[in-house]
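**Student:** The structure is given below, and queries will be raised subsequently.
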Ligand code: NDP
């Protein structure tokens, strides 16, 4: 179907060197896009870019200059920018009373402020390209909460509202902005959670109607849909991709 074709499009995926980001980057590349895999770990990014036929560019998304340089290098290397996936994210699991302000800032800077900074840097290039697609990654913690995620939940709730605000502001520029809210996905991030939280594996399996953890490959299809002309009239949404986790009563 031609409306899913991304030939000639250029995409940046922050945190595209592993986990959900790599799942999305692989989908975009398979649909024909030229993909920039952007992360801090240069060796990990180089390996991921090689695996999908993409380009690796180093970025620290908590640093505004680094985000602007990422967009500038992408355009210098690949000629344009059409698609931005704000996927880089971290979690620091502590009760609110134990979380330092520095830790709060680290999580907010990485998960939320980065999406604003990268989107702002991408905006003029997307206008130059005649439009664009921004995909922000939220979480079940955009909707629910746990006792140990004060900063993470705030950042992921914020992602939903940032998505709406950018969608409304930039609709006239033909830029669609949507969020994806992953359920429990098997990645490095959740492997750490499984080690820290007793019984997490069993709880996830029991609570997820699909009866399994998600995989990075589950994110390829939605990345292509939200990055392609097929979703031209879809903007400002937050789509759960969770095996039914968020709708089970
Ligand atoms: P991973 O830990 O596998 O990936 C996180 C990615 O973020 C890495 O590629 C990492 O790159 C990158 N990253 C972190 N900090 C920075 C930074 N300062 N600058 C640039 N890149 C950075 O986790 P997931 O794939 O699980 O997570 C991806 C996204 O999905 C996150 O936003 C997460 O919150 C979200 N999510 C994940 C869920 C899950 O179940 N796994 C559930 C809900 C949401 P590097 O290694 O180079 O630092």
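**Student:** Run residue 21 past the list (1) touching a residue at least 40 places away in the same chain (Cβ under 8 Å); (2) part of a helix (DSSP H, G or I); (3) over 26 Å from residue 197 (Cα atoms) and report the number of the one that doesn't hold.
**Tutor:** Going through the list (1) touching a residue at least 40 places away in the same chain (Cβ under 8 Å); (2) part of a helix (DSSP H, G or I); (3) over 26 Å from residue 197 (Cα atoms), residue 21 breaks only (3).
**Student:** If you don't mind, another one. Could you give me the residue pairs with C-beta distances under 6 Å whose first residue belongs to segment 80-100 and is farther than 24 Å from residue 190 by Cβ and part of a helix (DSSP H, G or I), whose second residue is away from the ligand (no atom under 16 Å from the Cβ) and at pLDDT 95 or above wherever it lies, and which are 6+ apart or on separate chains?
**Tutor:** none
**Student:** Give the number of residues within segment 5-53 that are near the ligand (Cβ under 7 Å from one of its atoms) and out of contact with any strand residue (DSSP E or B) (no Cβ under 8 Å at 6 or more places or on another chain).
**Tutor:** The number of residues fulfilling the criteria is 2.
**Student:** Give me the pairs, please: first residue somewhere in segment 145-168 and without any contact (Cβ under 8 Å) to a residue 40 or more places away in the chain and closer than 22 Å to residue 100 by Cβ, second residue anywhere and within 12 Å of the ligand (Cβ to nearest atom) and in a helix (DSSP H, G or I), beta-carbon distance under 8 Å, and either six or more positions apart or on two chains.
**Tutor:** Taking only residues 6 or more apart or on different chains, the pairs are 145/153; 146/153; 153/141; 153/142; 157/141; 157/142.
**Student:** Which members of segment 132-169 meet the condition of being surrounded by 19 or more Cβ atoms within 10 Å (Cβ to Cβ), over 18 Å from residue 15 (Cβ atoms) and away from the ligand (no atom under 16 Å from the Cβ)?
**Tutor:** Hits for segment 132-169 are 132, 166, 167.
**Student:** If you check residue 7 against the conditions, is it surrounded by fewer than 17 Cβ atoms within 10 Å (Cβ to Cβ), assigned to a helix (DSSP H, G or I) and touching a residue at least 12 places away in the same chain (Cβ under 8 Å)?
**Tutor:** no
**Student:** Okay, next question. Taking helices (runs of 4 or more DSSP H) that fall entirely within segment 159-249, which contain at least 2 residues that are under 26 Å from residue 52 (Cα atoms) and out of contact with any strand residue (DSSP E or B) (no Cβ under 8 Å at 6 or more places or on another chain)? Full working, then the answer.
**Tutor:** Working: elements: 188-196, 200-207, 220-227.
Once the helices (runs of 4 or more DSSP H) in segment 159-249 are filtered for at least 2 residues that are under 26 Å from residue 52 (Cα atoms) and out of contact with any strand residue (DSSP E or B) (no Cβ under 8 Å at 6 or more places or on another chain), what remains is 188-196, 220-227.
**Student:** Kindly indicate whether any position in segment 196-206 is under 28 Å from residue 8 (Cβ atoms), surrounded by 13 or more Cβ atoms within 10 Å (Cβ to Cβ), without any contact (Cβ under 8 Å) to a residue 60 or more places away in the chain and out of contact with any helix residue (DSSP H, G or I) (no Cβ under 7 Å at 6 or more places or on another chain).
**Tutor:** Scanning segment 196-206, I find no residue that is under 28 Å from residue 8 (Cβ atoms), surrounded by 13 or more Cβ atoms within 10 Å (Cβ to Cβ), without any contact (Cβ under 8 Å) to a residue 60 or more places away in the chain and out of contact with any helix residue (DSSP H, G or I) (no Cβ under 7 Å at 6 or more places or on another chain), so the answer is no.
**Student:** Applying the selection to segment 49-69, what residues are surrounded by fewer than 24 Cβ atoms within 10 Å (Cβ to Cβ) and in a helix (DSSP H, G or I)?
**Tutor:** Result: 49, 50, 51, 52, 64, 65, 66, 68, 69.
**Student:** Is at least one residue of segment 181-188 under 17 Å from residue 242 (Cα atoms), at pLDDT 95 or above, surrounded by fewer than 19 Cβ atoms within 10 Å (Cβ to Cβ) and within 14 Å of the ligand (Cβ to nearest atom)?
**Tutor:** Yes.
**Student:** Now, a different point. What number goes with the only condition from (1) under 30 Å from residue 78 (Cβ atoms); (2) in contact with a helix residue (DSSP H, G or I) (Cβ under 6 Å, 6 or more places away or on another chain); (3) away from the ligand (no atom under 11 Å from the Cβ) that residue 172 does not pass?
**Tutor:** For residue 172, the exception is condition (2).
**Student:** Return the pair list, or none, for Cβ contacts closer than 7 Å from residues in segment 55-67 that are closer than 10 Å to residue 109 by Cβ to residues that are part of a strand (DSSP E or B) and within 8 Å of the ligand (Cβ to nearest atom), at least 6 apart or on different chains.
**Tutor:** Taking only residues 6 or more apart or on different chains, the pairs are 61/14.
**Student:** Moving on to the next point. Does residue 173 satisfy being over 26 Å from residue 17 (Cβ atoms) and touching a residue at least 40 places away in the same chain (Cβ under 8 Å)?
**Tutor:** So residue 173 passes the test.
The values are calculated or read from the model by the stated rules, or taken from the named source; none is laboratory data. Keep in mind the model is a prediction, meaning the values are calculated, not measured. Cβ sites come from the backbone with ideal geometry, for glycine too, and all protein chains shown count toward neighbours.
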